[in-house]
Amino acid sequence: METEPTPPRWLKPLNKVMVAGQRAGLGMGGLDVLTLPGRRSGKPRRTPLSVMTHEGERYVLGGFPNADWVRNARAADGLGTLSRGRKHERVRLMELSAEQARPFLRLFPIEVPTGVPIMKDAGLVAEGTPDEYEALAGRCAVFRIDPA
C-alpha cells in the first residue's frame, strides 16, 4: 500500500514564520494567509497560500492530499478570511470537481512556480510539468475563492 505524500519537514516552521510576518503587516513574498476555524477546536488556523488569478477568478491549490487546511475548509463550508499584509477579506472557498480543476492545475506550475519545489520535495510531481499537475486532479483539492 502506497503512503500519501507529506509536506517537507521544514514547511510547518516556515509557514509559522510567514504567518507571523503577515500578521506584522509585512508582505510575505506574494503569499496570502487563509484563516479558517479548526474542524475540531474551532480555533482560528492560519495557512500561507499562493493564490493564482486566472480570467478574473482566484484559485488556490491544496498542495497535499488531505491537507489540514483543506479538511478545515470543507468542515467550515469554505468560509474563512484571506489576508495580505493588513488587508483582510471574508471569502468562501468553492471546491472544484476534478474535471473543473484540470485547466487550473495545468496553469499552476507556470503561474506559481514557487510552489513547484515543495510539490517536488513531497514526491507529488517529479519535474513540475503541466501534465504532472493535471494528473493531480481529484487527488489534490482546488478551490475557487469567492467573496463571502
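Remark: pairs (first residue in the stretch 16-44, closer than 16 Å to Thr81 by Cα and at pLDDT 65 or above; second residue assigned to a loop (DSSP other than H, G, I, E, B) and β-branched (Val, Ile, Thr); Cβ separation under 7 Å; 6+ apart in sequence or on different chains) = Asp32/Val51.
How many residues, within the stretch 112-124, are in a helix (DSSP H, G or I) and not hydroxyl-bearing (Ser, Thr, Tyr)?
So in the stretch 112-124, the residues in a helix (DSSP H, G or I) come out as 113-121.
Right, trim to not hydroxyl-bearing (Ser, Thr, Tyr) and you get 113, 115-121.
So the count comes out to 8.
Report, by residue number, each residue of the stretch 78-123 that is acidic (Asp, Glu) and either in contact (Cβ under 8 Å) with a residue 60 or more places away in the chain or closer than 16 Å to Val60 by Cβ (or both). Full working, then the answer.
If we filter the stretch 78-123 for residues that are acidic (Asp, Glu), which is where we start, we get 89, 95, 99, 111, 121.
Residues satisfying the conditions are Glu89, Glu95, Glu111, Asp121.
Pairs are defined by a Cβ separation below 8 Å, a sequence spacing of at least 6 or placement on different chains, a first member in the stretch 135-148 that is closer than 12 Å to Leu61 by Cα, and a second member that is of a type in the set (Lys, Arg) and part of a strand (DSSP E or B); the pairs so defined are Arg144/Arg58; Ile145/Arg58; Ile145/Arg92. Among all positions in the stretch 5-15, there is at least one residue which is within 24 Å of Leu107 (Cβ to Cβ), at pLDDT 65 or above and out of contact with any strand residue (DSSP E or B) (no Cβ under 6 Å at 6 or more places or on another chain). Of all residues in the stretch 78-111 being among the small types (Gly, Ala, Ser) and assigned to a strand (DSSP E or B), which is modelled with the highest pLDDT? Among those residues, the one meeting the criterion is Gly80. Against the numbered list (1) in a loop (DSSP other than H, G, I, E, B); (2) closer than 23 Å to Leu31 by Cβ, Glu127 comes up short only at (2).
Of Gly56, Gly62, which residue is more than 17 Å from the chain's Cα centre (by Cα), at pLDDT 90 or above and within 20 Å of Phe143 (Cα to Cα)? Don't jump to the end; show me each part of the working.
Working: Gly62 fails: more than 17 Å from the chain's Cα centre (by Cα).
On inspection, the qualifying residue turns out to be Gly56.
The values are calculated or read from the model by the stated rules, or taken from the named source; none is laboratory data. A quick note: this is a predicted structure, and the numbers were derived from the prediction, not measured. Note that we place each Cβ from the backbone using ideal geometry, even for glycine, and neighbour counts take in every protein chain shown.
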